[in-house]
Amino acid sequence: MAVLFHCSGPCGGDYSKTFFRTWTDPRYRKLCQSVFCKGCESTGRDEKKGESLENRARQKVGDTIRRHAKRYNMKVKDFTETFGWDRKIMLDRLLQEYEGNCCSCNKPYAGMGHGLFDISLDIIDPREKPFLSNTRWMCLTENIRKGNLTPEQWGQDRVNWRQWEQNIEKRILNELHGLPLFAAK
C-alpha cells in the first residue's frame, strides 16, 4: 500500500508524495516537503490573480525594482533615487502599455494569455546606466529574445526575425520554398 501524505490546505486530502512540492530550505539546509498539495497551491495563486489589475501591477513594479536593485548590488531606496525609478510613473507606464500592444512585436497583451506575466521591463541600451528614461515595457518573449543586445543589434535582429517569420509562412504555403533546385554533388 502506498504511503499517503496529508494536505494542510483547504482540500484536506491525502495524496502521494509526488503531489507535494519539495525544496531545499537554506535556513536548515535540508530537503523540505510542502504542507499544501499542488492543487491547493495552484488555487491560492489563482485567487491572488482575482485581485485588481492595478494591485497586481503595483506588485510587479515593486518586484521589478527589487530585482534590478539587487542586480546592481544596491538598496532599493538608493537604486530608485539614483536612477529615477519612480513607482507611480512606472505603474502608469505599465498599465498604459498593458492596455495595448507590445512595442516590439506589436501583439496585443490581452491575447497573450498569461496576464501581467507577459510584460517585462527592458533596459533599452545595456551599455548605459538603467535610468528610467532608458527603460520600456515589452512582452517577455521579445525581452528574452533581446537579452543584452544594443539598440543597433536589436534592430538588426528584429529584421532577421521578420524575415524568418516570412520564410516560415512561405514554407507553409509551399513546402519547397527555399530548398535548392538541384542536389549538391
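Collect the residues in the stretch 72-111 that are polar (S, T, N, Q) and either surrounded by 12 or more Cβ atoms within 10 Å (Cβ to Cβ) or in contact with a helix residue (DSSP H, G or I) (Cβ under 7 Å, 6 or more places away or on another chain) (or both), keeping them in residue-number order. Talk me through it step by step, then tell me what you get.
Our first condition is that a residue be polar (S, T, N, Q); within the stretch 72-111, this holds for 73, 80, 82, 96, 101, 104, 106.
Of everything in the stretch 72-111, those that are polar (S, T, N, Q) and either surrounded by 12 or more Cβ atoms within 10 Å (Cβ to Cβ) or in contact with a helix residue (DSSP H, G or I) (Cβ under 7 Å, 6 or more places away or on another chain) (or both) turn out to be T80, T82, N101, S104.
From the list G62, G50, which one is out of contact with any helix residue (DSSP H, G or I) (no Cβ under 6 Å at 6 or more places or on another chain), surrounded by fewer than 15 Cβ atoms within 10 Å (Cβ to Cβ), modelled with pLDDT under 75 and over 30 Å from N160 (Cβ atoms)? Before you say what the answer is, go through the steps one by one.
Numbers: G62 fails: modelled with pLDDT under 75.
Unique residue meeting the criteria: G50.
So which helices (runs of 4 or more DSSP H) stay within the stretch 79-185 end to end and still have 2 or more residues that are under 18 Å from I65 (Cβ atoms)? Full working, then the answer.
Details: elements: 87-99, 140-146, 151-173.
In the stretch 79-185, 87-99, 140-146 are the helices (runs of 4 or more DSSP H) which contain 2 or more residues that are under 18 Å from I65 (Cβ atoms).
Look at the stretch 80-132 and say how many of its residues are among the polar types (S, T, N, Q) and more than 21 Å from K146 (Cα to Cα). So that I can check it myself, show each step before the final result.
To start, the set of residues in the stretch 80-132 that are among the polar types (S, T, N, Q) comprises 80, 82, 96, 101, 104, 106, 120.
Narrowing the set further to residues that are more than 21 Å from K146 (Cα to Cα) leaves 80, 82, 96.
Here the count works out to 3.
Output yes when any residue across the stretch 118-141 is in contact with a Lys or Arg (Cβ under 7 Å, 6 or more places away or on another chain), among the small types (G, A, S) and surrounded by 12 or more Cβ atoms within 10 Å (Cβ to Cβ), and no when none is.
No, there is no match, as no residue in the stretch 118-141 is in contact with a Lys or Arg (Cβ under 7 Å, 6 or more places away or on another chain), among the small types (G, A, S) and surrounded by 12 or more Cβ atoms within 10 Å (Cβ to Cβ).
Only one of N148, N160, N174, N106 is assigned by TED's automatic domain parsing to the domain that holds A69, modelled with pLDDT under 95 and farther than 26 Å from G62 by Cα. Can you tell me which? Step through it out loud before you land on a result.
Details: N148 fails: farther than 26 Å from G62 by Cα; N174 fails: assigned by TED's automatic domain parsing to the domain that holds A69; N106 fails: farther than 26 Å from G62 by Cα.
Step by step, each of N148, N160, N174, N106 is checked, and only N160 is assigned by TED's automatic domain parsing to the domain that holds A69, modelled with pLDDT under 95 and farther than 26 Å from G62 by Cα.
As an exercise: evaluate W154 against (1) in contact (Cβ under 8 Å) with a residue 12 or more places away in the chain; (2) touching a Lys or Arg at 6+ places or on another chain (Cβ under 6 Å) and give the number of the one condition it does not meet.
Condition not satisfied by W154: (1).
Of a type in the set (D, E), closer than 30 Å to W161 by Cα, at pLDDT 95 or above and within 17 Å of the chain's Cα centre (by Cα): which single residue out of D122, D118 fits that description? Let's see the steps before the verdict.
Working: D118 fails: at pLDDT 95 or above.
From the options D122, D118, the qualifying one is D122.
Out of A57, A69, which single residue is modelled with pLDDT of 95 or more and either surrounded by 11 or more Cβ atoms within 10 Å (Cβ to Cβ) or more than 30 Å from C11 (Cβ to Cβ) (or both)?
Numbers: A57 fails: modelled with pLDDT of 95 or more.
So the residue among A57, A69 that is modelled with pLDDT of 95 or more and either surrounded by 11 or more Cβ atoms within 10 Å (Cβ to Cβ) or more than 30 Å from C11 (Cβ to Cβ) (or both) is A69.
The values are calculated or read from the model by the stated rules, or taken from the named source; none is laboratory data. The structure displayed is predicted, hence computed values, not measured ones. We place every Cβ from the backbone using ideal geometry, glycine too, and count neighbours over all the protein chains shown.
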